[in-house]
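Everything on this sheet refers to the single structure shown next.
The values are calculated or read from the model by the stated rules, or taken from the named source; none is laboratory data. The shown structure was predicted, so the numbers you read here are calculated from the model rather than taken from an experiment. Glycine also receives a Cβ, built like all others from the backbone with ideal geometry; neighbour counts cover every protein chain displayed. To get the accessible areas, we keep the full protein, side chains included, count just its heavy atoms, and leave off ligands, DNA and RNA. Shrake-Rupley method; radii C 1.70, N 1.55, O 1.52, S 1.80 Å.
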Amino acid sequence: MYRTNTCGELRIENVGQEVTLAGWVQRTRKMGGMTFVDLRDRYGITQLVFDEATNADLCAEANRLGREYCIQAVGTVSERSSKNKNLPTGDVEITVKTLQVLSPSATPPFTIEDNTDGGDDIRMRYRYLDLRRNAVRKNLELRHRMTILIRNFLDSRNFIEVETPILIGSTPEGARDFVVPSRMNPGQFYALPQSPQTLKQLLMVSGFDRYFQIAKCFRDEDLRADRQPEFTQIDCEMSFVDQEDVIEIFEDMARHLFKEVRGVQLPEHLPQMTWHEAMRRYGSDKPDVRFGMEFVELMDVLQHTGTFSVFDNAAYIGGICVPGCASYTRKQLDQLTDFVKRPQVGAKGLVYVKYNEDGTVKSSIDKFYTPEVWAALKERMGGKDGDLVLILSGDNANKTRTQLCTLRLEMGDRLGLRDKDRFECLWIVDFPLFEWSDEEQRLMATHHPFTMPNPDDIPLLDTHPEQVRAKAYDFVCNGIEVGGGSLRIHDSQLQEKMFGILGFTPERAMAQFGFLINAFKYGAPPHAGLAFGLDRFVAIMAGLDSIRDCIAFPKNNSGRDVMLEAPSAIDQKQLDELLITVRTEELEKD
C-alpha cells in the first residue's frame, strides 16, 4: 500500500500514530531550519514537517521538491503549534521520517489553486491538471453523487436501466447527426444518437414498462454555455401513464435531488404554465421566475395616437417596469440601448420612461405623448415614482418578445436578482405541436415526430395543424430548460398522419421509421417519457454558468477538444478502407 490514510482524514485524535500518505505537493515553505510541505490528494491537504536539526539530509530533500511532485511520506501525526482553522486537518501535521518521490513534475503551466492564473484555453489544453483543482473536482464529485441518487430513486420506483446502442441509423429530423462510416458496409453510415427516443419506445412495446438510462447523446449543432456536441441525459420512458403521472414522478425526483444535494425543499406541487402564457408574460418557453418585471402589452395605450409612427406601425409593443431605477443616468440608458441593438438581440432601438421620485416624467420620446398618456402607462405598468419603464416594439410579436426577454434577463443580472442559491422550478405545458421552418418551408415537429397531439385538437390536424397543441411538458429551473418530454403516439394511423403533415411520403416514413411503425402493429401500450439534461442539472446545483465545468473532458466553443486535438485528420489508409475522399480544395477555401 502506498498510503495508510488520505490527506483529508487525520484529526487530533490521530496524534501519535505512524501513517503513510501519498499525493501531490501543493506548496513548500522554508522557515529558518524548518520546511513545511502541503500535501494534497482528492480528499484534502495535510501539512508535512521537516526539521533540519533532526535530519538535515531529509530536510534538504524536501527543499528540492517542486509543485505537483507526486510523493510518499511516512511519519508521525503531531499536534500543530500554529493551527489552521480553514482546513479540516488543520489541527495536525506529519513529522516526516522518510520521503520518496514517486514521480517528479515539470513546472505546471498554471497554478493548481481554487483561484488559478490559468485562462480557459490553457486549462482546457491541460485539463488533467485543471481537474486537480478543488473547484473542478467538487463539480465532478457532485455529478457522481447526483447520478447515484437518481439511479437509487428510479430503482425504488421500479425503473430498469437498459443500455441502448450508440451506433444507430440517421434520423435527419431535428439537429444534425454525427455520422460514422461503416468499413464493412461501404458507402453506408451509422449515426450517433441525438437521444434514444425510438429505442426506448420499442422497449415499451417490449413490455419494459419503466425504463431509464444515463445516456450519452450527440448533436452536431452550434455551441453555447449550456450545450456540448456530446452530452448526458437522464433518459426515461413509462407505459400506461398520462401526462400528470409523468410529471408527478419526476417532480418527486427533482424534490428528492434538491433536498439531498442542496438542502432545499421544493413546493409539494410545482406550478404549471402554458407555452402561450410563458411567451406572453416572459417572452420565453423557459422563463426565469425568480424575479418580476413581467411583460405588459401596451398596444392600446401607445398605438394609433398619430404622433409616433414607430409605435403606430408596430405589430407588438411591450414593456417591463424596473423598480427603483428611474435614477439611471443617460450613460446607463445609452448602454442599454446599445445592448438591445447588438446582433445577438436584434432590436432597432429602446424607449425609456423615467417616473422620477419628485413626480416628474422623463422619456426618450417626450414630445410625442401627453401627460395623460404617461399617467395611463404608469397605471398599466403597475409602476410608482422611482421606477423605470423600458419598451420595445417590432413588426413580429414573438421576435420582439424574445428581444424583450433578453433585456429583462440583462436587467435581472444587473440588479442582482438572479440568485444562484435560490431555485424556482415550474412546468411549461401545451406547446405547439408544430413550428414553421423558413429554411425548409414546411411545418416541423416542435419536439419530435412521435409526440402525441392534444386529443381535443386532433380534428385540427386536417384543417389548422399550426394550432394543434402537443401533450408535451418541460421542466424549467431558474430560466433553464432542465428536461422535457411528452406523451407518445402509439396508434399507427395517427403516426402516419403525423408523418404526412411533416412532409414524409409513406415510402420515406417506412424507410426511416419502419421498425417503429411495424412495432406499433403488435400491441403498443400508451406510453410517455421525459429526459433531464444531467449536465445542466449538475450545473444548476453547483451554481455554474457553463456546463463545461461539470464535464470531465469538455469541448470548447468550436466543438474542439484542445487537449486531444480532436477532431483531426485521419490517415489516408483509413480513408481508403472506408472509400471516403476528402475534398481538399474545399478545405483550402476555408
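Laid out as a table, the results:
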item	result
Condition check for Arg127: within 20 Å of Arg67 (Cα to Cα) and at pLDDT 95 or above	yes
Residues located in the range 286-311, provided they are open to solvent by 50 Å² or more (accessible area, probe 1.4 Å) and of a type in the set (D, E, K, R)	Lys286, Glu294, Glu297, Asp300
Close pairs (6 angstrom Cβ cut-off, 6 or more residues apart or separate chains): over 25 Å from Gly75 (Cα atoms) in the range 100-116, among the acidic types (Asp, Glu) anywhere	Pro108/Glu68; Phe110/Asp117; Thr111/Asp117
Residue list for the range 231-259, filter: small (Gly, Ala, Ser), farther than 14 Å from Phe532 by Cα and not in a strand (DSSP E or B)	none
Single residue of Ala278, Ala215 found to be open to solvent by less than 10 Å² (accessible area, probe 1.4 Å), in contact with a Pro (Cβ under 6 Å, 6 or more places away or on another chain), in a helix (DSSP H, G or I) and at pLDDT 95 or above	Ala278
Selection count, the range 525-558, where residues are more than 30 Å from Phe258 (Cα to Cα) and open to solvent by 20 Å² or more (accessible area, probe 1.4 Å)	2
Single unsatisfied condition, Glu248 versus (1) closer than 24 Å to Leu433 by Cα; (2) exposed (fewer than 15 other Cβ atoms within 10 Å of the Cβ); (3) in contact (Cβ under 8 Å) with a residue 24 or more places away in the chain	(3)
Pair list, Cβ < 8 Å and 6+ apart or interchain, from the range 363-390 residues that are farther than 18 Å from Leu404 by Cα to residues that are of a type in the set (A, V, I, L, M) and in a loop (DSSP other than H, G, I, E, B)	Asp385/Ala326; Gly386/Ala326
Hits in the range 4-18 (condition: surrounded by fewer than 18 Cβ atoms within 10 Å (Cβ to Cβ), under 11 Å from Thr46 (Cβ atoms) and of a type outside the set (S, T, N, Q))	Gly8, Glu9, Arg11
Cross-chain or 6+ apart pairs with Cβ under 8 Å, the range 40-66 first and farther than 13 Å from Pro88 by Cβ, then open to solvent by less than 20 Å² (accessible area, probe 1.4 Å) and assigned to a helix (DSSP H, G or I)	Leu48/Ala62; Phe50/Leu58; Phe50/Cys59; Phe50/Ala62; Asp51/Cys59; Glu52/Cys59
Check on Thr111, among the hydroxyl-bearing types (Ser, Thr, Tyr) and open to solvent by less than 80 Å² (accessible area, probe 1.4 Å)	yes
Residue within the range 530-549 that is farther than 22 Å from Val289 by Cβ and part of a strand (DSSP E or B) present	yes
Neighbours by Cβ (under 8 Å, 6+ apart or cross-chain): first from the range 323-346, open to solvent by 90 Å² or more (accessible area, probe 1.4 Å); second of a type in the set (Val, Ile, Thr) and modelled with pLDDT of 95 or more	Gln344/Thr406
Val353 buried (at least 16 other Cβ atoms within 10 Å of the Cβ) and either closer than 19 Å to Glu410 by Cβ or acidic (Asp, Glu) (or both)	yes
Top-ranked residue in the range 4-20 [being more than 38 Å from the chain's Cα centre (by Cα) and not polar (S, T, N, Q); ranked as nearest to Arg133 (Cα to Cα)]	Arg11
Subset of the range 537-590 (residues that are under 29 Å from Ile150 (Cα atoms) and either acidic (Asp, Glu) or free of Cβ contacts under 8 Å to residues at least 12 places away in the same chain (or both))	Asp545, Asp549, Asp561
Residues satisfying the stated conditions in the range 281-309, i.e. of a type in the set (Val, Ile, Thr) and part of a helix (DSSP H, G or I)	Val301
Failed item in (1) of a type in the set (Phe, Trp, Tyr); (2) open to solvent by 50 Å² or more (accessible area, probe 1.4 Å); (3) within 21 Å of the chain's Cα centre (by Cα); (4) at pLDDT 95 or above, with Phe240 passing the rest	(3)
Residue in the range 350-360 that is over 14 Å from Cys325 (Cα atoms), under 38 Å from the mean Cα position of the chain (by Cα), at pLDDT 95 or above and not basic (Lys, Arg) present	yes
Filter result for Arg151 (free of Cβ contacts under 8 Å to residues at least 24 places away in the same chain, among the charged types (D, E, K, R), surrounded by 12 or more Cβ atoms within 10 Å (Cβ to Cβ) and in contact with an Asp or Glu (Cβ under 8 Å, 6 or more places away or on another chain))	no
Residue satisfying condition, being open to solvent by less than 30 Å² (accessible area, probe 1.4 Å) and either modelled with pLDDT under 95 or under 22 Å from Met1 (Cα atoms) (or both), within set Gly90, Gly118	Gly118
Filtered residue count, the range 198-212, keeping only those that are open to solvent by less than 20 Å² (accessible area, probe 1.4 Å) and more than 17 Å from Lys521 (Cα to Cα)	2
Options Phe513, Phe504: the member that is aromatic (Phe, Trp, Tyr), in a helix (DSSP H, G or I) and either surrounded by fewer than 19 Cβ atoms within 10 Å (Cβ to Cβ) or touching a Pro at 6+ places or on another chain (Cβ under 9 Å) (or both)	Phe513
Enumeration of residues in the range 47-76 that are in a strand (DSSP E or B) and either among the charged types (D, E, K, R) or open to solvent by 50 Å² or more (accessible area, probe 1.4 Å) (or both)	Asp51
Residues being of a type outside the set (Asp, Glu) and open to solvent by less than 50 Å² (accessible area, probe 1.4 Å) - total across the range 218-230	4
Where a residue in the range 499-523 is within 10 Å of Val205 (Cβ to Cβ) and its partner, wherever it lies, is surrounded by fewer than 18 Cβ atoms within 10 Å (Cβ to Cβ) and of a type in the set (Asp, Glu), with Cβ under 9 Å and at least six apart	Phe520/Asp491
Number of the exception - Asn158 against (1) touching a residue at least 24 places away in the same chain (Cβ under 8 Å); (2) open to solvent by less than 30 Å² (accessible area, probe 1.4 Å)	(2)
